[in-house]
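*Asks:* What follows is a structure written as structure tokens; I'll ask about it next.
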Amino acid sequence: MSLIEKLQWRYATKKMDPTKSVPLEKVEKILEAIRLTASSSGLQPYEILVITNKVIREKIKAIAWNQTQIVDSSYLLVFAAWDTYTADRINQAFDMTETIRNFKSEAGDIYRQKLLSTYPTQDLETNYNHAAKQAYIGLGTALIAAAYEQVDCTPMEGFDPIVLDEILNLKAKGLRSVVMLPLGYRNADQDWLLGLKKVRKPKESFITWIE
């Protein structure tokens, strides 16, 4: 199948089969795709929590509209964004770049100082919202990577983020939950959405060419 065919194959799976397990190597490829995706200024201001613990997933299900995919999937990914941008976080990102590339540049230092003079002075909610947008870039990459690996998934915003943060102790890590993504395999006999035509806007009303 081509990438487009695999994207046509994927859908937001409503019922997963708990008896079918996603191979770890496929999950690792999806996680690596997220790690390699783009982010603003290359800061990667979010982390991925991979949850397999059944007790914790039952607690999450209870504060997430009782969506069964949370417990029936093989893995539950939680995208957690930085609660704010700090000088330490920005400096760590730039220091890592200089270490990996084994050089420092005047342009890089100027850009570092620009971010240091901008982000840490902004209010916390503005910074969190910006970091959360970067997490959604990772989510988009995860959806494509999962389709490529023919692993089913369901992006989820329907949960209580304050309680989820408490369950996962995210505040202590300077993180806030953004979105969840269960990874598993569809239950073909019980998923009402399976088999229905994919509904998307036609290209003519979705894409505008400006020449």
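The values are calculated or read from the model by the stated rules, or taken from the named source; none is laboratory data. Nothing here was measured: the structure is a model prediction, and the numbers come from that model. Counting neighbours? That spans all protein chains shown, and the Cβs are built from the backbone with ideal geometry, glycine included. In case anyone asks, the SASA skips ligands and DNA or RNA and just uses the protein heavy atoms, side chains included. Shrake-Rupley method; radii C 1.70, N 1.55, O 1.52, S 1.80 Å.
*Asks:* With a cap of 15 neighbouring Cβ atoms within 10 Å, and only residues DSSP puts in a loop, list the chymotrypsin sites (Phe, Trp or Tyr not before Pro) found in region 48-84.
*Replies:* Sites meeting the loop and neighbour criteria: Trp65.
*Asks:* So, R0 is 30 Å and r is the distance between the beta-carbons of Asp160 and Ser40; what FRET efficiency does that work out to, to 0.05?
*Replies:* With R0 = 30 Å, the Cβ-Cβ based efficiency is 0.65.
*Asks:* So how many Å³ per residue does the convex hull of the Cα atoms of region 127-211 work out to?
*Replies:* Working: hull volume 14.5 nm³, N = 85.
Hull volume over Cα atoms, normalised by residue count, gives 171 Å³.
*Asks:* Quick one: order Glu149, Glu106 from most to least accessible surface, probe 1.4 Å.
*Replies:* Heavy-atom accessible area, descending, gives Glu106, Glu149.
*Asks:* With label points built 7 Å along Cα→Cβ from the Cα atoms of Glu28 and Ile110, find their separation and express it in nm.
*Replies:* In this crude spin-label approximation the distance works out to 4.3 nm.
*Asks:* Let me ask another. Just need the Rg to Rh number for region 1-100, please, alpha carbons only, Kirkwood Rh.
*Replies:* Numbers: Rg = 17.1 Å, Rh = 16.4 Å.
With Rg and the Kirkwood Rh in hand, the quotient comes to 1.05.
*Asks:* So how strong a dipole does region 94-211 carry about its Cα centre when Lys and Arg Cβ are +1 and Asp and Glu Cβ are -1, to the nearest 20 debye?
*Replies:* 260 debye
*Asks:* When the Cα centres of region 116-137 and region 48-111 are compared, how far apart do they sit, in Å?
*Replies:* 14 Å
*Asks:* Please compute the Cα-Cα pair-distance distribution of the chain with 5 Å bins starting at 0, giving whole percents from short to long.
*Replies:* 1, 7, 13, 16, 16, 15, 12, 10, 7, 3, 1, 0, 0
*Asks:* Here's another thing I want to ask about it. Which value, in Å², gives the accessible area per residue of region 6-83 when a 1.4 Å probe is used on the protein heavy atoms?
*Replies:* 49 Å²
*Asks:* Might you work out the accessible area of Arg57 for me, using a 1.4 Å probe with all protein chains in place, and round it to the nearest 10 Å²?
*Replies:* For Arg57, the solvent-accessible surface is approximately 10 Å².
*Asks:* In region 75-162, carbon and sulfur make up what percent of the accessible area (probe 1.4 Å)?
*Replies:* C and S atoms contribute 56 percent here.
*Asks:* Along the Cα→Cβ direction, 7 angstrom out, place labels at Ala188 and Ile56. What is the inter-label distance in nm?
*Replies:* That separation, rounded to one decimal, is 3.3 nm.
*Asks:* If you count only protein heavy atoms with a 1.4 Å probe, what accessible area per residue comes out for region 96-163, rounded to a whole Å²?
*Replies:* That works out to 59 Å² for each residue.
*Asks:* Something else about it: Any idea what the dipole of the chain comes to, in debye rounded to 20, about its Cα centre with Lys/Arg Cβ at +1 and Asp/Glu Cβ at -1?
*Replies:* Value, rounded to 20: 480 debye.
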